[in-house]
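As structure tokens, the structure follows; a few thoughts come after it.
The values are calculated or read from the model by the stated rules, or taken from the named source; none is laboratory data. In this text the structure is predicted, and so the values were computed from the model without any measurement. With ideal geometry, Cβ positions are generated from the backbone for all residues, glycine too; neighbour counts draw on all protein chains shown. For the accessible areas, the whole protein counts, side chains as well, though only heavy atoms, and no ligand, DNA or RNA atoms are used. Shrake-Rupley method; radii C 1.70, N 1.55, O 1.52, S 1.80 Å.
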Amino acid sequence: MIVILVVLAAVAAAVWFLLREKAAVLPPGQVVYSDTSRCAISEPITSHRLRLTGKPDYVYALPDQAVPVELKRHRAGRFGPRDRDVLQLLTYCVLVEDVWGATVTHGLIEYRDGRVTIPYGPGERRQVLDLAEEVRRDRVAADVARDHRDAWKCGRCGYSGACGQALSGR
């Protein structure tokens with residue numbers, strides 16, 4: 001009986017996710033890139049010049065611009081989109097602009113509880129490029145300070161045993 005309930009729950013979740021994916025790109029326009037198919041593997045969008053790469057869930061084209069769309073399984077909640085979700089989407093905006101030469105003025109994050117429009121312009125582009133440079137510097141640094149106070153996050157980190165700043169009891 002428990003196995004049947006687990007299977008039914010899994011099927012219901014799969015059907016819900018597939019229906020949500022089909023409804024996710026509601027704005028008018030033509031889908032020109034998709035990384036949501038379970039069958040086909042999309043090539044990442046890569047800017048060798050900026051040393052960035054990424055795979056947005058969708059990019060759709062309007063007559064005068066392209067709009068990256070990112071689907072999230074979680075809710076935005078009452079505090080709005082998470083910083084990491086926004087930076088991920090903004091990185092896709094930079095990539096679409098740089099690699100495809102498209103005009104990008106915004107992107108969309110589709111959460112379980114609604115859609116959030118994220119504006120994109122020169123300031124957001126600079127933010128992404130500065131953060132990318134910071135990550136590159138940290139990759140070669142001898143020691144990098146932990147950037148959070150979340151024991152749950154530390155407990156799941158592959159480096160928590162070696163960082164010397166772990167918050168978890170691992």
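Below are the figures for this structure:
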| item | result |
| --- | --- |
| In nm, spacing of pseudo-spin labels at D138 and T105 (7 Å Cα→C-beta vector) | 3.4 |
| Spatial separation of Cα centroids for the range 75-98 and the range 103-164, in angstrom | 10 |
| Rg/Rh ratio calculated on Cα atoms of the range 88-155 (Kirkwood radius) | 1.08 |
| Per-q log10 I(q)/I(0), the range 54-170, q = 0.09 Å⁻¹ (Debye; single scatterer per alpha-carbon; no solvent) | -0.33 |
| Fraction of accessible area attributable to carbon and sulfur, the range 43-123 (%, probe 1.4 Å) | 51 |
| Contour excess over end-to-end distance, with Cα ends at T53 and A151 and 0.36 nm allotted per residue | 32.3 nm |
| Probe 1.4 Å, protein heavy atoms only - accessible area per residue of the range 34-149 in square angstrom | 60 |
